[in-house]
1. Lys pairs in the chain, Cα-Cα under 30 Å, at least 8 apart or on separate chains: how many?
2. Does the stretch 1-136 classify as rounded, prolate or oblate by the C-alpha gyration tensor (a ≥ b ≥ c root eigenvalues; a/c under 1.5 gives rounded; else a/b over b/c gives prolate, otherwise oblate)?
3. Kirkwood hydrodynamic radius for the stretch 7-242: how many Å is it when counted over pairs of different Cα atoms?
4. Where does the chain land at 222 nm, in deg cm²/dmol rounded to the nearest 500, when only DSSP H runs of n ≥ 4 count, each adding -39500 (n - 2.57), divided by all residues?
Amino acid sequence: MQQSPIDIVSASATIDSKLGAFTFNNYGSNSSMTNASNTGKTQEAYDNLQFHLHWGNGSSVGGSEHTVDGKRYPMELHIVSAKASFNGDTAQAVQNSTGLAALGFFIEEMSGNETASPASWKTLTSYLANITQKDQSVEIAAGVSLDDLLSGVDRTKYYRYLGSLTTPSCNEAVVWTVFKDSIKVSKDLIDLFSTTLHVGDSTSELMTNVFRGVQPAQPVTTQATSGSSTTCFSLVLMALCLLIRSV
């Protein structure tokens, strides 16, 4: 069984000299994210399909899916991709042990008393007011790029392991890359996710603790130093998918 997420024990991660830096294509585009909805060791290119978030209950209650040395972060951002050779056929991708690739980024509260920061996350969270109820959707205007959302993260430092999707049917078809640096976001913006979104209509409960629990440990590797690119991610479609199911 290779289920995700897992607790990453940093001291047990094996050095793999083949792991190097990524090539991120089109992550600087500020017009690639178009819609918001409430709802391995390879050189092959992967095309991004969507990204989504997991959270707990505000900045003080952990909601990341992966943990590191037992620490659970307030939120976790996942960028999910499929091998380019599958041409977007996810049904085919989930049947391949490395058919999908997922990038995991921890999100935690920034130090100090800053509010509405960073600007990219202020813009992104401004759309939450339009998707407070299940099945609501809103178009995202140009102005925010993935690079903006990932500001401050050293994308040459990460953990790697083979695992699964964390939502049903939890196919064991994912090459996971979990980055060591976290994205810093102000407390007020983190809190918006658990105080704005509902699991149904406006009278239903708020969406909290939307993450799957830690699964049995898997072998984890990490890079020795920054090196040549081993995986190329190209952006073909990007949607913010706010998961409402806790598995």
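1. 29
2. Numbers: a/c = 1.69, a/b = 1.21, b/c = 1.40.
Because a/c hits 1.5 or more and a/b fails to exceed b/c, the stretch 1-136 counts as oblate.
3. 18.1 Å
4. Numbers: 4 runs with 25 residues, N = 247.
Rounded to the nearest 500, it is -2500 deg cm²/dmol.
Throughout, read-outs are computed from the coordinates displayed, never taken from laboratory work. Model, not experiment: these values are computed from the prediction.
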